[in-house]
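Below is one structure, written out as structure tokens; the observations come after it.
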Amino acid sequence: MNTASREDRVTIPDLHARKGGVPVVCLTAYTTPMAKLLDPYVDLLLVGDSLGMVLYGMASTIGVSLDMMIAHGAAVVRGATRACVIVDMPFGSYQESPAAAFRNTARVMKETGAAGVKLEGGAEMAETVAFLVDRGIPVMGHVGLTPQSVHSLGGFRARGKSEVEAERIIAGAEAIAQAGAFAIVVEGTLEPVARELARRVPTPIIGIGASPACDGQILVTEDLVGLFSDFTPKFVKRYASTGDQIRKAVAAYAEDVRQRRFPGPEHCFGVKGEK
Ligand code: KIV
């Protein structure tokens, strides 16, 4: 576990103080090398349970286990020296009761070295959030399109379309903020609803498919760099086509191997003139 702490490490109070200030830059990371690449540029690295779909080819995040989140959480902490690392709590690890949530979040904190956890849900999770925060576990909320509820929501569709639903999402964020969440993700929610939520809730609101009026933004890194192409949500802006570069590199390697152009003498041991 990376226990090294640096003076300039972004802390939970730093993030909480960013309401209405310079937008908080957040990205997902699941591995040490990716964390090392992203760390200098972001304030927060989220070890999202989206890893179930992005890395493991699952159809949803529901099958992700606590052990998977702990293994990837520890890997990201090992690669990050500056960003605040937050680990997603997987489905089934926190909904049962505040005590079960404490047991599992404490395990995540101890075994990964992360600074906090994220869990999905609105008003129904407020009691659990307060229970965790009171016992020293920093919690990030997640409202709007909550992927662990994909079946009850009827798919990955934008939320907040009816007035009742919009009000429930905003009230849920207010309850989670009141319970002590240091920040809240709002995902896949109509722009005017997310804007109103960010205006009303006194905690930093991090948007994904939400609104530029949020206090920060997050994307799944593999979407941003073009490494995940099973589907691309409307809210993703692709900044690179890394998948194309990998395909080209691998095709060139395959051709070199077939033509005996690789390895060259410089890649071999004990060849005259080479070390
Ligand atoms: O699991 C995840 O990656 C997330 C972000 C998309 C917010 O929850």
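The values are calculated or read from the model by the stated rules, or taken from the named source; none is laboratory data. No experiment lies behind these values; they were computed from the predicted model shown. Here the Cβ positions follow ideal geometry from the backbone for every residue, glycine too, while neighbour counts run over all protein chains shown.
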- Message: For segment 149-159: of the residues being out of contact with any Leu (no Cβ under 9 Å at 6 or more places or on another chain) and closer than 20 Å to residue 171 by Cβ, which is modelled with the highest pLDDT?
- Response: 149
- Query: Within the bounds of segment 102-112, is there any residue that is more than 12 Å from the ligand (Cβ to nearest atom), farther than 16 Å from residue 44 by Cα, of a type in the set (Gly, Ala, Ser) and crowded, with 18+ Cβ neighbours inside 10 Å?
  - Reply: no
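Does residue 144 satisfy being on the phi > 0 side of the Ramachandran plot and modelled with pLDDT of 95 or more?
Numbers: on the phi > 0 side of the Ramachandran plot: yes; modelled with pLDDT of 95 or more: yes.
It is true that residue 144 is on the phi > 0 side of the Ramachandran plot and modelled with pLDDT of 95 or more.
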- Note on the structure: Counting only residues in segment 183-241 that are surrounded by fewer than 19 Cβ atoms within 10 Å (Cβ to Cβ) and of a type in the set (Ser, Thr, Tyr), the one nearest to the ligand (Cβ to nearest atom) is identified as 232
- segment 142-159 - residue that is within 14 Å of the ligand (Cβ to nearest atom) and in a loop (DSSP other than H, G, I, E, B) and, of those, surrounded by the fewest Cβ atoms within 10 Å (Cβ to Cβ): 156
- Query: Residues of segment 116-138 being hydrophobic (A, V, I, L, M, F, W, C) and either closer than 23 Å to residue 166 by Cα or away from the ligand (no atom under 14 Å from the Cβ) (or both), which ones?
  - Reply: 119, 123, 125, 126, 129, 130, 131, 132, 133, 137
- Among residues of segment 77-93, those that are out of contact with any strand residue (DSSP E or B) (no Cβ under 8 Å at 6 or more places or on another chain) and crowded, with 20+ Cβ neighbours inside 10 Å, counted: 4
- Note on the structure: Selection from segment 36-76 of residues of a type outside the set (Asp, Glu), away from the ligand (no atom under 14 Å from the Cβ) and in a helix (DSSP H, G or I) yields 36, 37, 66, 70, 71, 74, 75
- What is the one condition in (1) outside any helix (DSSP H, G or I); (2) more than 15 Å from the ligand (Cβ to nearest atom); (3) at pLDDT 95 or above that residue 25 does not satisfy? (2)
- Message: I need every pair where a residue in segment 253-273 that is free of Cβ contacts under 8 Å to residues at least 40 places away in the same chain has its Cβ under 8 Å from the Cβ of a residue that is among the small types (Gly, Ala, Ser), sequence separation at least 6 or different chains.
- Response: 265/273
- Matching entry among 14, 43, 39 (being surrounded by fewer than 17 Cβ atoms within 10 Å (Cβ to Cβ), farther than 20 Å from residue 111 by Cβ and either of a type outside the set (A, V, I, L, M) or not assigned by TED's automatic domain parsing to the domain that holds residue 94 (or both)): 14
- Message: Residues that are under 24 Å from residue 121 (Cβ atoms), in contact (Cβ under 8 Å) with a residue 60 or more places away in the chain and in contact with a helix residue (DSSP H, G or I) (Cβ under 9 Å, 6 or more places away or on another chain): does segment 79-93 have at least one?
- Response: yes
